[in-house]
1. Residues being assigned to a helix (DSSP H, G or I) and touching a Ser or Thr at 6+ places or on another chain (Cβ under 8 Å): count how many of those fall in region 228-257.
2. Quickly run through region 169-218 and pick out the residues that are among the small types (Gly, Ala, Ser), over 18 Å from Lys232 (Cβ atoms) and in a helix (DSSP H, G or I).
3. Give the residue that is nearest to Ala206 (Cα to Cα), with candidates limited to residues of region 244-257 that are crowded, with 17+ Cβ neighbours inside 10 Å and modelled with pLDDT of 90 or more.
4. Assess whether Arg131 counts as being more than 15 Å from Thr78 (Cα to Cα), outside the structural domain of Ala68 (by TED's automatic domain parsing), at pLDDT 55 or above and basic (Lys, Arg).
Amino acid sequence: MKYRNVALPALGVLLFAFAGFAQTSSLEGDVKGEDGAPLKGALIKIDRLDIKGHYQVKTDKKGHYFHAGLPLGTYKITLEVDGKDVDFVDKVRTQLGDPVPVNFDMHATAARRQALSAAAEKGQLTQEQQRGLSAEQKAALDKATKERSAALAKNKALNEAFNGGMEAMKAKQFDTAVQQFTKATEMDANQTVVWAQLADAYAGLAGVKTGAEHDDAMNKSLEAFQKAIALKPDDPAYHNNYALALAKAKKFDEAQAELGKAATIDPPNAGKYYYNLGALLVNNGQTEPAGAAFKKAIEADPNYADAQYQYGIYLIGKAKLGSDGKYEPVEGTREAFEKYLQIKPDGPFAESAKGMLASLTGPVDTSYQNPAAKKAKKK
């Protein structure tokens, strides 16, 4: 009897031990990288949700992992790569017997993420995609959808205002153009092209106004150009157009400074910028500043034919009539016309250049041939 009494408690302890051993479970899985190949050395973090507990294991060279001895429970399985959590599977319930498989495929996950993003962009999420979203993801998606809708509406209105301004500019309806471009700047003050077009619209408006109205429109044109340049100071076209507007406002020194900036930013086209200024100055009766601009144009580009011709015309005005009744040109006059004919022997100013050379003192050979012309074959 004593042996029986002793044996029973011992048997009870043994049964308890076996029962405790039987309550453990395991997890395993395969991990693939973004290239679809097995990912070695990825960290699998296993966190128990019902009772606090943390376990971890790394994948082998085949991208496989296995963790035994886990208490039965509910877990969150997280994949960490290069120190960053890149994916997870939540609420995994382990079981007795065979390991519960939890796989990670970063390539497939990235593809799903892209598909989800594309569907969200179009607002065409499938029911399956919606079911796969967490509460936080759904909230973030709803917020993004609302923001995108607002942005699309804003962009549509912005485009309509901008396009309306461009159409008005084509029709030379400068008042309407100013209204449309102003509306566009109020929608988005960071659009450089809108400010530039508003500047052109005000400049056009100034051209059809007089007195105080002209001055007011011109000043607003300059202000709009300044806004465009402040947003994009490295654009030579804005400095060029701003300079032309300054010249129209008779602010010639400032205009030359702006063209100098354009030339510095865009050296290959420096000749063009100075030529534009010279042409505008000529039209405004500013002969001396125009001559200086044409000189800078040919200094920047000696092969700028039209600049050579215009500089020659400027120098012709400085020629003096000698006692013999012939003009005595200043230095550089002959060279300017000859250079034009060398570059453009058949150009629109060719005959005029020849006539200017003929009017100068001394024998002048004004017969020029086109270097590109085919030579006649000798018989």
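The values are calculated or read from the model by the stated rules, or taken from the named source; none is laboratory data. It should be emphasised that the depicted structure is a prediction, and the values quoted were computed from it without experimental measurement. Note: ideal-geometry Cβ built from the backbone for every residue, glycine included; neighbour counts use all protein chains shown.
1. So the first thing to find is which residues in region 228-257 are assigned to a helix (DSSP H, G or I), and the list is 228-231, 236-248, 252-257.
Next, only the ones that are touching a Ser or Thr at 6+ places or on another chain (Cβ under 8 Å) stay: 228, 231, 238, 245.
Residues meeting the conditions: 4.
2. Our first condition is that a residue be among the small types (Gly, Ala, Ser); within region 169-218, this holds for 171, 177, 184, 189, 196, 199, 201, 203-204, 206-207, 211-212, 217.
If we keep only those that are over 18 Å from Lys232 (Cβ atoms) as well, we get 171, 177, 201, 203-204, 206-207, 211-212, 217.
Across region 169-218, the qualifying residues are Ala177, Ala201, Ala203, Gly204, Ala206, Gly207, Gly211, Ala212, Ala217.
3. Within region 244-257, the subset crowded, with 17+ Cβ neighbours inside 10 Å is 244-249, 252, 255-256.
Okay, now just the ones that are also modelled with pLDDT of 90 or more, so 245-246.
Values: Ala245: 10, Leu246: 12 Å.
Result: Ala245.
4. Working: more than 15 Å from Thr78 (Cα to Cα): yes; outside the structural domain of Ala68 (by TED's automatic domain parsing): yes; at pLDDT 55 or above: yes; basic (Lys, Arg): yes.
Yes; evaluated as a whole, the condition is true for this residue.
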